[in-house]
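Taking it in order: structure first as structure tokens, then the write-up.
The values are calculated or read from the model by the stated rules, or taken from the named source; none is laboratory data. On a predicted model such as this, the values are computed, not experimentally measured, just so you know. Cβ placement follows ideal geometry from the backbone for every residue including glycine, while neighbour counts extend to all protein chains displayed. We work out accessible area using only protein heavy atoms, side chains counted, and drop any ligands, DNA or RNA first. Shrake-Rupley method; radii C 1.70, N 1.55, O 1.52, S 1.80 Å.
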Amino acid sequence: MSITADPYLWLEDIENPKVREWALKRSRESRRRLEDFSQKLLNRILEYYRVPYVVLAQLTRKGIYMLVRSYDSYSIYRLNPDGSREEILSSHSLGKDIVIKWISANRDGDRLVFSFSRGSDEGITRIVNPDTGDLIDELHGVVGGFTWIDRDRYYYTRFYRREKTPDGVDPPAERVFLRENGVDEMVFGEGLPSLYMIDIFDDTSSSKALITVSIGWSRSTVYAGDLRDPSTWRELYGDGEHRFYPINYISGKYYILGFDGNGMGRIIAVEDSGKVREIVGEDEKYPLRYAVTTFARIVAHYLVNASSRIRIYNLDGRLAKEVEFYPPGRVSGISCLEEECIVRYESFYIPYRLYMLEDDGLEVIDSQELPVEGLSVSELWVRSFDNTPIHVFKVYNRAREGRKALLYGYGGFNIPLTPRYMPYIIPFIEDGGSFFVANIRGGGEYGEKWHRAGMKENKENVFRDFIAVAEHLWREGFEVVVIGSSNGGLLAAVTLTRIPDILKGAVIGYPVLDMLRFHKLYIGRLWTTEYGDPENPREREYLLKYSPYHNVKPGVNYPPVMIYTGLYDDRVHPGHALKFAAKLEEIGVQCYLRVETSSGHSGANPLIKAAEGADILAFVYKVLGMKP
């Protein structure tokens, strides 16, 4: 049979009852095989899901709005200026198994937007009066970029994933609309081809519209104009080769974040006259990820070996202060209003800290810390095949450290793997396991060159970096299980096909696995800018060389594999997971396929995620010979 033959193409038809029964039968069997360990682990994992986790926080004139994940739901709270906390909304009121995916409020805080679904990207977005709970407006589909003109008018972006745009462009594509009195008018994006994405927000004074038009994850251009007059929105800055993003418009200057040069990030100012001046130059070693401004200062977020650091500059670029965090952690949001800013931070065993950024440093205004003794974070370096140093986090229990390793990676789309709170990992560390996170090429840990070194024909670097870390751990006496989700699922699967001899197992979640057909499934065409296009003969050749679905071979002694996906995943088609499981089953690999009926790529109800995590951990414990 040809390597490119596809005997399991029929498993892509997930609306077919026979396909669903095929998948769910295997899922039931996998859960049955795992349930003895899973049940013991679930209660422990739920203890860590009981700890409130702030997903998002936004500063407004009425207070701080927070999206909080709790034990069995998502809730929206407002932390009022007097220190009181009030619940605005719970996902329980929206239906069973609902995920509130994101929130946004206007600066006055009297209009709140939230989007929800059962884990799918497509969902319902509502605008409410947070003080009364009254529903003001409702939109369906994939929408975002809410930018307020006044209390009753706003712009938003709509992503077209199936149907053509109003101007007749094939999906996937995006457009900007003005919405007034329940009526939409397309105001920006006409004629932009497929694959182009748009984001929009306003400046601090609500006078300018600031727009990013991107193709893929390595090129974008800045547009701007009068907030109230879309006919004035024009291209402001870009070179067609690199990423540029608007930051703000202050005193006649547009502040722009650019990733040209060495791709480490710099801030420039474009004056109304068109004059361009560099404000903050590139750091030689550490990338600038994003920046926000007040009327008087720039708050810039850098990564130093994949951990967050904040630098504060005046508007002319003079460094005023640098803020570090301990333990090494991740700043996932900075929200400013006038001269106040809040900062959201987390780490491997710290669910969150919410800080107010003061002139003399950070003041904690809200936090959750785990009551767990002995957890530690260390860092190590591993040399890759070409001598490139790869940074790795290690999270372990000082009192019970063993030689069981769970190695996590991603390596793509300019996404850095920074320290974050993962409740289902904590019991593994408590029981003596070591959790490793590899900062390999393709991510955003070391700037745009690091990202591009893992794109398209350079994707081989990503796999070889990760394999170098796995082999290092193996040589150090660790038993190794690899794990990854989405693009990280691709990584774990390629690693499985390349070094099966030294792995104890592989955990492959919501994965992209058929690299010859990913562009035909759901929104996969978007990813051709990152992976390459299977319709291009040259790109198809290198895609085929690593495509996991085409590179599992009979007669190879593969370790046990767990594959998990969700039927509500409308970003990465579940067919990838089902087809790969069928291939492994065909050649006699011990395979656990887990198919969730109430989750998608955007997540799931916390109880569902905890159950998924318990099954993942049960598999890891079984293949590593650990007791829950």
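Summary table
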{"read-out": "From LEU319, LEU303, residue being surrounded by fewer than 19 Cβ atoms within 10 Å (Cβ to Cβ) and over 22 Å from ASP202 (Cα atoms)", "value": "LEU319"}
{"read-out": "Test: residue in region 128-143 that is closer than 30 Å to TYR160 by Cβ, touching a residue at least 40 places away in the same chain (Cβ under 8 Å) and within 20 Å of the chain's Cα centre (by Cα)", "value": "no"}
{"read-out": "Residue match in region 473-494 (condition: open to solvent by 30 Å² or more (accessible area, probe 1.4 Å) and over 29 Å from ALA614 (Cβ atoms))", "value": "yes"}
{"read-out": "Scan of region 251-283 for residues that are open to solvent by 50 Å² or more (accessible area, probe 1.4 Å), among the acidic types (Asp, Glu) and part of a loop (DSSP other than H, G, I, E, B), ordered by number", "value": "ASP272, GLU282"}
{"read-out": "Qualifying residue in region 347-366 (condition: at pLDDT below 95, under 24 Å from the mean Cα position of the chain (by Cα) and among the hydroxyl-bearing types (Ser, Thr, Tyr))", "value": "yes"}
{"read-out": "Leading residue by the ranking (most open to solvent (accessible area, probe 1.4 Å)) among those in region 90-111 that are among the charged types (D, E, K, R) and part of a loop (DSSP other than H, G, I, E, B)", "value": "LYS96"}
{"read-out": "Meets criteria (part of a helix (DSSP H, G or I), open to solvent by less than 40 Å² (accessible area, probe 1.4 Å) and modelled with pLDDT under 95) for ALA610", "value": "yes"}
{"read-out": "Residue within region 543-554 that is of a type in the set (A, V, I, L, M, F, W, C), open to solvent by 20 Å² or more (accessible area, probe 1.4 Å), touching a residue at least 24 places away in the same chain (Cβ under 8 Å) and not in a strand (DSSP E or B) present", "value": "yes"}
{"read-out": "Residue in region 530-539 that is on the phi < 0 side of the Ramachandran plot, open to solvent by less than 10 Å² (accessible area, probe 1.4 Å) and either among the hydroxyl-bearing types (Ser, Thr, Tyr) or more than 21 Å from the chain's Cα centre (by Cα) (or both) present", "value": "yes"}
{"read-out": "Members of region 564-586 found to be among the hydrophobic types (A, V, I, L, M, F, W, C) and either in a helix (DSSP H, G or I) or open to solvent by 10 Å² or more (accessible area, probe 1.4 Å) (or both), listed by number", "value": "LEU567, ALA577, LEU578, PHE580, ALA581, ALA582, LEU584"}
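A quick yes/no check of all residues on (1) under 17 Å from the mean Cα position of the chain (by Cα); (2) outside any helix (DSSP H, G or I):
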{"position": "GLY443", "(1), (2)": "yes, yes"}
{"position": "VAL482", "(1), (2)": "no, yes"}
{"position": "LEU491", "(1), (2)": "yes, no"}
{"position": "VAL507", "(1), (2)": "no, yes"}
{"position": "LEU513", "(1), (2)": "no, yes"}
{"position": "HIS519", "(1), (2)": "no, no"}
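Let's see how each residue does on (1) in contact with a helix residue (DSSP H, G or I) (Cβ under 8 Å, 6 or more places away or on another chain); (2) part of a strand (DSSP E or B); (3) farther than 30 Å from ALA320 by Cβ:
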{"residue": "ARG344", "(1), (2), (3)": "no, yes, no"}
{"residue": "TYR352", "(1), (2), (3)": "no, yes, no"}
{"residue": "MET356", "(1), (2), (3)": "no, yes, no"}
{"residue": "ILE365", "(1), (2), (3)": "no, yes, no"}
{"residue": "LEU370", "(1), (2), (3)": "yes, no, yes"}
{"residue": "GLU373", "(1), (2), (3)": "no, no, yes"}
{"residue": "SER376", "(1), (2), (3)": "no, yes, yes"}
{"residue": "TRP381", "(1), (2), (3)": "no, yes, yes"}
{"residue": "PHE385", "(1), (2), (3)": "yes, no, yes"}
